[in-house]
1. Give the residue that is nearest to the chain's Cα centre (by Cα), with candidates limited to residues of the stretch 238-283 that are surrounded by 20 or more Cβ atoms within 10 Å (Cβ to Cβ), assigned to a helix (DSSP H, G or I) and small (Gly, Ala, Ser).
2. Given the criteria farther than 30 Å from TYR93 by Cα and touching an Asp or Glu at 6+ places or on another chain (Cβ under 6 Å), does LYS258 qualify?
3. Looking at the stretch 210-230, which of the residues that are touching a Leu at 6+ places or on another chain (Cβ under 9 Å) and modelled with pLDDT of 95 or more is farthest from GLY252 (Cα to Cα)?
4. Could you go through the stretch 153-169 and let me know if any residue there is assigned by TED's automatic domain parsing to the domain that holds PRO22, part of a helix (DSSP H, G or I) and either within 25 Å of SER64 (Cα to Cα) or modelled with pLDDT under 95 (or both).
5. Hey, ALA86 hits all of (1) of a type outside the set (S, T, N, Q); (2) surrounded by 21 or more Cβ atoms within 10 Å (Cβ to Cβ); (3) outside any strand (DSSP E or B) but one; which does it fall short on?
6. Looking at LEU319, is it surrounded by 23 or more Cβ atoms within 10 Å (Cβ to Cβ), under 22 Å from LEU389 (Cα atoms) and under 22 Å from the mean Cα position of the chain (by Cα)?
7. Yes or no: the stretch 287-300 includes at least one residue that is surrounded by fewer than 24 Cβ atoms within 10 Å (Cβ to Cβ), without any contact (Cβ under 8 Å) to a residue 40 or more places away in the chain and more than 21 Å from THR363 (Cα to Cα).
8. Got a sec? Which strands (runs of 3 or more DSSP E) wholly within the stretch 1-78 have at least 1 residues that are in contact (Cβ under 8 Å) with a residue 40 or more places away in the chain and within 16 Å of PRO162 (Cα to Cα)?
Amino acid sequence: MSIRERLSGNEASAVAMRQINPDVVAAFPITPSTEIPQYFSTFVSNGSVDTEFVAVESEHSAMSACIGAEAAGGRAMTATSSNGLALMWEMIYIASSLRLPIVMPLVNRAISGPLNIHNDHSDAMGIRDSGWIMLFSETNQEAYDNLIMAHRIAEHKDVMLPLAVCQDGFITSHSIENIELIEDDKVKEFVGTYQPEHYLLNKKEPIAVGPMDLQAYLFEHKYQQAEAMRNAKKVILEVAKDFEKLTGRKYGLFEEYKTEDAEMIVVCMNSTAGTTKVVVDELREKGIKAGLLKIRVFRPFPVEEVAKALSHAKAIAILDKADSLNGAGGALFQDVTSAMYVNNIHVPAINYVYGIGGRDTTTKHIESVFDDLAEIVKTNTVTNPYRYLGLKKGGNQ
């Protein structure tokens, strides 16, 4: 029987880490993820876990310590946000290139500057092509569930890649929601023990980790990384099936909310999906065929599946909580439209950059998106694919 609780997203993440009981947690505080290692440190001090907790001097050192722990054969975790993730940048790439399945809650926050401590996805978008698996979480429950599944995915022999579990800073990280926890013993059984095939402390197999990798080999090693990311899609679904058997909660690569007959579909990630569901329900009551596609697995990106799920729509809007500053739309927009193009599916699509620096996104904003989509359906014309949602008139500060 599940355990009913009321927890913030940060508390839920820390509880998941307690139940996983990793060998090493190395962390440095940064808002809004600070509470995760803070809560976890209390589990260390009261003996709830036997984890080695390393209080390092920077986020770069936190990821470095996790790399060392994983390379030695241990299971390692950390947590961070925003500029903390940016300071890890060098080690983020090293972790993935060395095929070390580190798991990291990433509490999304705007990247400085100017300084802003509130939520958008600019930190996550900075590592989208770094070789990390990336799961996004609409609710506290989903953040908890994703973390419980994370090690099973990352440590699979066909994957062996690090994994970040994203949730929206303050919106879910500090908001308290009802949540169903899994019993400790069941989590332990589900996650299992980490048994790496190759590791530094294996005296029977002396190895080097991170040696010089020149022209003769690096290309092939990068190809193996790419193959591992492709393999992860199948593994994510397999683990989700086992998780559903354990909890009854079903997860896929994405969630389709009332999309079966939808003519207009909004695509988004994380907590904005909840706001969009409210609007979809209201529009459905009026007889308007609206729907939502919520991306859960951002890396690897589910190319064929997303294209198929959107193929019957008459118009779609992709919402990006970060601007790529490239003049051609946000990262999610580019991924979705690319997926559709390569699968020879052509549906009118528009992009909205929204919520930058924690700017509120209300039901009225989402309603305006569906109004725009209705006009596109009516005219079969997209006059401007690159738009902003909730921006003050003229872009004035």
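The values are calculated or read from the model by the stated rules, or taken from the named source; none is laboratory data. No experiment lies behind these values; they were computed from the predicted model shown. Cβ: placed from backbone, ideal geometry, glycine included. Neighbour counts: every protein chain shown.
1. ALA273
2. no
3. GLN225
4. yes
5. (2)
6. For LEU319, the condition - surrounded by 23 or more Cβ atoms within 10 Å (Cβ to Cβ), under 22 Å from LEU389 (Cα atoms) and under 22 Å from the mean Cα position of the chain (by Cα) - is met.
7. no
8. Counting at least 1 such residues, we get 24-27.
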